[in-house]
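The values are calculated or read from the model by the stated rules, or taken from the named source; none is laboratory data. Predicted model, so just to flag it, every value in this text is computed and none were measured. Don't worry about glycine lacking a Cβ; one is built from the backbone with ideal geometry, like all the others, and counts go over all protein chains shown. With ligands, DNA and RNA removed, areas are computed over all heavy atoms of the protein, side chains included. Shrake-Rupley method; radii C 1.70, N 1.55, O 1.52, S 1.80 Å.
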Amino acid sequence: MDKIEDFGAHANKYYKLEHSIFKSELDQSQFEYLWNQYWVQTISTSSLLLSKESMSKSISDVSEKLNKYKNNSSLLRRDRLIGLSSGRSERGDEAPKQDNEIAKINSGSKKIVLECNHMIMAEILKAMVFSGVGETPEEHKDAEMQV
């Protein structure tokens, strides 16, 4: 039955073929070169610099939504009646979260802040891990003493 789900009506026409993978010394050197190249590129690039355009677009989107919200008095009045700070309306019933525009804007801004924090933490971690790479222990101690 599993084969029929995977392959359909032709399930009985498929069969397993034995295969093997091999690599020569030349292949091994090419893989090592590519592996080293990939890691150098990963460590040397900054996620903050790579995503600056998308971050600025996200920030401008949130800003635009906030301006629309600020300029739309009917949304302001409705959200005041719902009761933003307490999560309850003046009547005491639960505020409808999906209709609350400011909550959506707040959620978008929180997402941007979290993404920035993650990227900054990654940069700090890279700096901590790779500071002093290639230094002898004595050079590292001398650099610590000077700080």
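A few points about this structure:
- Against the test of being among the aliphatic types (A, V, I, L, M) and within 19 Å of N106 (Cβ to Cβ), the options L34, L66 yield a single qualifying residue, L66.
- Filtering the stretch 49-60 to residues that are open to solvent by 100 Å² or more (accessible area, probe 1.4 Å) and not aliphatic (A, V, I, L, M) leaves K52, E53, K57.
- Among residues of the stretch 25-48, those that are within 30 Å of I112 (Cβ to Cβ) and loosely packed, with under 10 Cβ neighbours inside 10 Å, counted: 2
- Some residue of the stretch 87-101 being modelled with pLDDT of 75 or more and assigned to a helix (DSSP H, G or I): yes
- Among the residues making up the stretch 19-66, those that are among the aliphatic types (A, V, I, L, M), without any contact (Cβ under 8 Å) to a residue 24 or more places away in the chain and part of a helix (DSSP H, G or I) are L26, L34, V40, L49, L50.
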